[in-house]
Amino acid sequence: MEQIEKENCRLFDSGRFNDIVLAYLVLSMKAANTPHKDAMELLDTMGHAFDEMTAEEALNRYRGALSH
C-alpha cells in the first residue's frame with residue numbers, strides 16, 4: 001500500500017466520512033429496492049465494521065475478496 005493511500009486510510013479512520021459512506025449506501029439500497037429490514041441490518045453491520053476495523057484492514061480484506 002502506497003504512503004498516500006495509508007494517509008487516506010488514517011483520515012478515513014477519523015470518522016469524518018462515515019456519514020458520506022452511509023449516505024451512498026442508503027441511496028444505493030433505495031435504488032435497488034432493498035427491503036427495509038435488510039437495509040437496517042446492513043446499516044447496523046456497517047456501523048460495527050466502522051468500529052471494529054481500520055480503513056486499511058477493510059481495504060485489504062476487500063481487495064483480497066476481489067482476488068478470489
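The values are calculated or read from the model by the stated rules, or taken from the named source; none is laboratory data. All values derive from a computational prediction rather than experimental measurement. So basically every Cβ, Gly included, is an ideal-geometry build from the backbone, and we count neighbours across all protein chains shown.
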For residues in region 22-54 being assigned to a loop (DSSP other than H, G, I, E, B) and not aliphatic (A, V, I, L, M), which is nearest to PHE12 (Cα to Cα)?
THR54
Among the residues of region 1-45, which ones are aliphatic (A, V, I, L, M) and either touching a Phe, Trp or Tyr at 6+ places or on another chain (Cβ under 6 Å) or loosely packed, with under 13 Cβ neighbours inside 10 Å (or both)?
MET1, ILE4, LEU11, ILE20, VAL21, ALA23, LEU27, ALA31, ALA32, MET40
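Might you let me know whether region 27-40 holds any residue that is acidic (Asp, Glu) and at pLDDT 95 or above?
Yes, region 27-40 contains a residue that is acidic (Asp, Glu) and at pLDDT 95 or above.
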Number of the condition not met by GLY15 [criteria: (1) of a type outside the set (D, E, K, R); (2) assigned to a helix (DSSP H, G or I); (3) closer than 25 Å to GLY64 by Cβ]
(2)
